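Visitor: To start, I am sharing the structure in question, which I have written as structure tokens.
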Amino acid sequence: MPALPLSLLWVVPALPLVGFVVNGTLALTRPAAKRAVSIVGVGTLVLAFAAAALAVAELARQHPTAPLVFRYWEWIPAGDLQVAFALQLDQLAAVMILVVTGVGALIHGFSVGYMHEEPGYARYFAYLNLFVFFMLILVLGANFPVMFVGWEGVGLCSYLLIGFWFNEQVNADAGKKAFIVNRIGDFGFLVAMFLIFTRFGTLDFATVFAKAPAAFLPGGAVVTAITLFLFLGCTGKSAQIPLYIWLPDAMQGPTPVSALIHAATMVTAGVYLVARCGVLFALSPLGSAVVAGVGALTALFAATIALKQWDIKRVLAYSTVSQLGYMFVGVGTGAYAAGMFHLVTHAFFKALLFLGSGSVIHAIHHAYHATHTHEDAQDMRNMGGLARYMPWTAALMWIATLAIAGIPPLSGFFSKDEILGAAFAEGTVRPVWYVFWAMGIAAALLTAFYMTRLMLYTFHGPNRTGEREREHLHEAPPVMTGPLVVLGVLTVMGGALNVPDLFGGNAFLEHWLEPVTSLAQRLHPAVEVAHATEWALVAGAVLIAALGIVGAFRLLKPEALVPARLAPPQTGLARFLWKKWYVDELYDAIIVRPVMWLSREVFWKIVDQRIVDGLLVNGTAAASRALGWLGSRLQTGEVGVYVVLFVIGVLAVVGAVVR
Amino acid sequence: MLLGPSLAVSAVLFALGVAGVLLRRNAIVIFMCVELMLNAVNLTFVALAQQLGIAGQIFVFFVMAVAAAEAGVGLAIMLAIYRHRHTVNLQDINLLKG
């Protein structure tokens, strides 16, 4: 087969865009044409995956040391600011486009089954296609503004899909929350862009990263500011402390959306951004320490919340926040390959977990629907013993659970272990990393525990769905289990992508990414530790994971659970964790309410009503009326007065002329 | 004819006309004062024509013609007003006010 020119790279994002246009048209004209929508929606994604695979194969053949940049047109030619619409393909972007289109295609396929009875089917697929388009623009952009277009676009699609069932207030609110919280992060991204532009006069990745080592002293104030503002953007998009609060609420959207956008792809954009800007972070020890520190704190914090959630999707949401924290520990440490590796494996096993939970919710929902019962189909207290009814889903979710817990030889074991190993090694040079490592280990213990808890309560013990509902419980159709099986295989095999030397592997991903990460690695070399230490770390991590799983089996009693509507209110620490450390309440008290008060009492009642409406609008009207009244006093209707004024006028003119 | 006294008489006549227009209420009287001013101007024209050429005398005829036409129109308007309002006192005719 002749090699296609890589300048056809635009085809990859264009395919989902075509899908969006077609499905959007169908949504407006023929919303009932579900067959056509499915073919277009899934078909464009499969084609996009094929195109991405071809592009990556060609990239692998050339294996260039610099990104291949394709400028398509001048986008913003404004004086000194010259921005082209340009895409670039390098080894890092290659990993991302494969994950986005690959996992995306699987989830599109799953959605065909999951959303089948949905009236907004066409609208759903239009949004989903649009999301993939923007995500590809995000990862393929060759400069900050193009990336930012994708960054905002995925935020928009996230908003649209979280609020997909916008008839219910809670869903619309959740979408709004995600959108607003992300605006705060975007502010950071924008400020970082402005700083970069003032320093370099360009926003192209290639130029900025090539010039950065000469332009900045390591640890300089400007580069630290840039990295911190960039990371503020990441905390918004990738749900890290303090802006993680939108992600658990985002679970109001359809479950495949949670799998695709809020677990596998969009929320990893921040990790991708840090890896992409690795040179800048390598130049700023403080910036990278903040990234790793916030990541470690988030990993531990979110894991504690996941311990006591009852909503199956909320557990997975906090788990996602926690795992994203791990990725930031990786990229913050400078272990970009490890961070990206965890991004990929997490995309596999978390997508599997979410789709599996979708399959469970689908079954419970149908059971309640069949008997016209109004119960919460997502509450684990209404589940239990489902392994008997849905063996495929249960088995596959167990695989993903063991992977996320870090049991060898599943994919999550390798990626999580590499991040923790890199953090520990960094600790030998910068001791604060020992703290991050310890938090990561603690989070690993909790992860193993809460995931086992989820599995026990959902699939084992007695069933609590209800007597009549039980007979309606059944496994999902093949169109839904199919993607689950593929993701299950990827979850098992994904670790092979980057088996480290320690286990006799060739660390494929690490070498693959070397052209991208080499400059950052030169500025901030990775620390090596002895093999014996590494073995000890691996053994410790596996032991911790096993402890978490066994502990959950010993401590938890699924038999003792009662259905949600009969359950007593929680007390003490359990309630504190169930209420998510009251962080939402805290933000409400210190941010939302003061802002609302300020808007209502000052901006509305004083600035708007008194100053704008009163002084400016009504004031202008009153002033012209007063002037008009003065003028009308001159119009007496008496000719005598006019004549007097006329004579005065003539005398004034004559006086002026004569003088 | 001496120039100085002629212009002085003309100025006095014009000032009387202005004063009449400003001070009187009766429309007929005001109208007559306007005519007075026109004639004061005519006198100036005639007086200055002795030194500056015949053009001033010719202009006087134009002014007379215009004044006659004005008298015709003006008196007709006043008649019309009188029929409506039974007065030609300008203080009573003040409907057009702001």
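Visitor: Can you list residues from other chains, or at least 5 along the same chain, whose modelled amide H is less than 5 Å from the amide H of A:VAL83?
Guide: A:TRP75, A:ILE76, A:ALA78
Visitor: Between B:ILE54 and A:PHE646, what is the FRET efficiency for a Förster distance of 22 Å, r being their Cβ-Cβ separation, to the nearest 0.05? Walk me through the numbers on the way to the answer.
Guide: Working: r = 33 Å, r/R0 = 1.49.
Calculated value: 0.10.
Visitor: Give me the lysines in straight-line cross-link reach of A:LYS557: C-alpha distance below 18 Å, same-chain residues under 8 apart excluded.
Guide: Of all the lysines, those that pass the test against A:LYS557 - Cα under 18 Å, at least 8 places apart if same chain - are A:LYS308.
Visitor: Could you pull out which residues in the stretch A:37-62 have an amide N less than 14 Å from a spot 7 Å beyond the Cα of A:LEU8, following the Cα-Cβ vector?
Guide: What the label zone holds, given the 14 Å backbone N cut-off, is A:47-59.
Visitor: What is the order of B:ILE28, A:ILE241, fewest Cβ neighbours within 10 Å to most? Mind showing how you got there, number by number?
Guide: Numbers: B:ILE28 13, A:ILE241 18.
Placing the least packed residue first, the sequence is B:ILE28, A:ILE241.
Visitor: Something else about it: Find the Rg to Rh ratio for chain B, where Rh is the Kirkwood radius over alpha-carbon pairs and Rg uses the same atoms. All intermediate terms of the calculation are to be shown ahead of the outcome.
Guide: On the way: Rg = 16.5 Å, Rh = 15.0 Å.
When Rh is taken as the Kirkwood radius, the ratio is 1.10.
Visitor: Kindly put A:GLU528, A:GLU58 in sequence by how many other C-beta atoms sit within 10 Å of each C-beta, fewest to most. Please list the in-between numbers first.
Guide: Values: A:GLU528 10, A:GLU58 17.
Listed from fewest to most nearby Cβ atoms, that is A:GLU528, A:GLU58.
Visitor: Between A:ALA395 and A:TRP535, how many nm apart are label points set 7 Å from Cα along the C-beta direction?
Guide: Calculated label separation equals 3.6 nm.
Visitor: How large is ³J(HN,Hα) for each residue in the stretch A:304-319, as worked out from phi by the Karplus curve 6.51 cos²θ - 1.76 cosθ + 1.60 (θ = phi - 60°), to whole Hz, x for Gly and Pro?
Guide: For the stretch A:304-319, the Karplus-derived couplings read 5, 5, 4, 4, 10, 7, 9, 6, 4, 6, 5, 4, 5, 5, 5, 4 Hz, x marking Gly and Pro.
Visitor: Suppose every Lys and Arg Cβ carries +1 and every Asp and Glu Cβ carries -1, with no other charges. What dipole size does the protein assembly as shown come out with about its Cα centre, to the nearest 20 debye? Could the numbers behind the result be given before it?
Guide: Values: 44 positive and 39 negative charges, 303 e Å.
Computed about the Cα centre, the dipole is about 1460 debye.
Visitor: Let me ask another. Other chains near B:20-30: what is the mean number of their Cβ atoms within 10 Å of each residue's Cβ? Spell out each step's value before the answer.
Guide: Values: counts 0, 6, 5, 3, 1, 3, 0, 1, 0, 0, 3.
If you average over the peptide's residues, the count of other-chain Cβ atoms is 2.
Visitor: Rank these for me by crowding, A:THR428, A:THR44, going from fewest to most other beta carbons within 10 Å.
Guide: Details: A:THR428 13, A:THR44 26.
Ordered by Cβ neighbours within 10 Å, fewest first: A:THR428, A:THR44.
Visitor: A further question on this structure: State which entries of A:LYS313/A:LYS579; A:LYS211/A:LYS350; A:LYS580/A:LYS605; A:LYS313/A:LYS416 exceed 27 angstrom in Cα-Cα distance in the structure shown.
Guide: Values: A:LYS313/A:LYS579 15 Å; A:LYS211/A:LYS350 38 Å; A:LYS580/A:LYS605 35 Å; A:LYS313/A:LYS416 22 Å.
With Cα atoms farther than 27 Å apart: A:LYS211/A:LYS350; A:LYS580/A:LYS605.
Visitor: Grab the other residues whose beta carbon is less than 14 angstrom from that of A:ARG633, score K and R as +1, D and E as -1, and report the net.
Guide: With Lys, Arg at +1 and Asp, Glu at -1, the neighbours total +1.
Visitor: Could you give me the ³J(HN,Hα) list for the stretch A:649-659, computed from phi with Karplus coefficients 6.51, -1.76, 1.60 and θ = phi - 60°, whole Hz, x at Gly and Pro?
Guide: Per residue, the Karplus-derived 3J(HN,Hα) values read x, 4, 4, 5, 5, 4, x, 5, 6, 5, 5 Hz.
Visitor: Hey, if you put +1 on the Cβ of every Lys and Arg and -1 on every Asp and Glu Cβ in the protein assembly as shown, which of A:VAL654, B:VAL63, A:VAL499 ends up farthest toward the positive end of that dipole?
Guide: The residue sitting farthest along the positive end of the dipole is B:VAL63.
Visitor: With unit charges on the beta carbons (Lys and Arg positive, Asp and Glu negative) and the dipole taken about the Cα centre of the stretch B:19-98, which residue among B:ASN42, B:THR87, B:VAL73 sits farthest to the positive side?
Guide: So the residue furthest toward the plus end is B:THR87.
Visitor: Take the alpha carbon atoms of the stretch A:435-578, find their radius of gyration, then divide it by 2.2 N^0.38 Å using N residues; give the quotient.
Guide: Values: Rg = 21.6 Å, N = 144, 2.2 N^0.38 = 14.5 Å.
The stretch A:435-578 yields a ratio of 1.49.
Visitor: For every other residue with a beta carbon closer than 14 angstrom to the beta carbon of A:VAL644, add +1 if it is Lys or Arg and -1 if Asp or Glu, then tell me the sum.
Guide: On the way: positive: B:ARG24, B:ARG25; negative: A:GLU638.
Net local charge, A:VAL644 excluded: +1.
Visitor: Other chains near A:637-648: what is the mean number of their Cβ atoms within 10 Å of each residue's Cβ? Working shown, then result.
Guide: On the way: counts 8, 8, 9, 9, 3, 1, 6, 3, 0, 2, 3, 0.
Counting other chains' Cβ atoms within 10 Å and averaging over A:637-648 gives 4.
Visitor: Going out from 0 in 5 Å bins, what whole percent of all Cα-Cα distances in the stretch A:160-210 drops into each bin?
Guide: 5, 19, 16, 12, 10, 9, 10, 9, 6, 2, 0
Visitor: List the aspartates and glutamates whose Cα lies under 15 Å from the Cα of A:LYS34, skipping any in the same chain that are fewer than 8 positions away.
Guide: Correct list for A:LYS34: A:GLU117, A:GLU118.
Visitor: With θ taken as phi - 60° and the coefficients 6.51, -1.76 and 1.60, list the Karplus ³J(HN,Hα) couplings across the stretch B:49-62 in order, rounded to whole Hz; mark glycine and proline as x.
Guide: 4, 4, 9, 9, x, 6, 4, x, 5, 5, 5, 4, 5, 4
Visitor: In straight Cα distance, which lysines are under 17 Å from A:LYS237, not counting same-chain residues fewer than 8 positions off?
Guide: By straight Cα distance, A:LYS237 reaches A:LYS176, A:LYS177.
Visitor: Quick check: the angle from helix A:221-237's long axis to the longest principal axis of chain A, C-alpha only, nearest 10 degrees?
Guide: It works out to around 70 degrees.
Visitor: Find the eigenvalues of the gyration tensor of the Cα atoms of the stretch A:22-124, then list the square roots of 5 times those eigenvalues as equivalent ellipsoid semi-axes, largest first, in whole angstrom.
Guide: Numbers: eigenvalues 226, 84, 19 Å².
For the stretch A:22-124, the ellipsoid semi-axes come out as 34, 21, 10 Å.
Visitor: Oh, and also: Reported to two decimal places, what Rg/Rh ratio describes chain A when computed on Cα atoms with Rh from the Kirkwood expression?
Guide: Values: Rg = 29.6 Å, Rh = 26.8 Å.
Over the Cα atoms of chain A, Rg/Rh equals 1.11.
Throughout, read-outs are computed from the coordinates displayed, never taken from laboratory work. What you see is a predicted model, and the numbers here were worked out from it, not measured in a lab. Note that we place each Cβ from the backbone using ideal geometry, even for glycine, and neighbour counts take in every protein chain shown.
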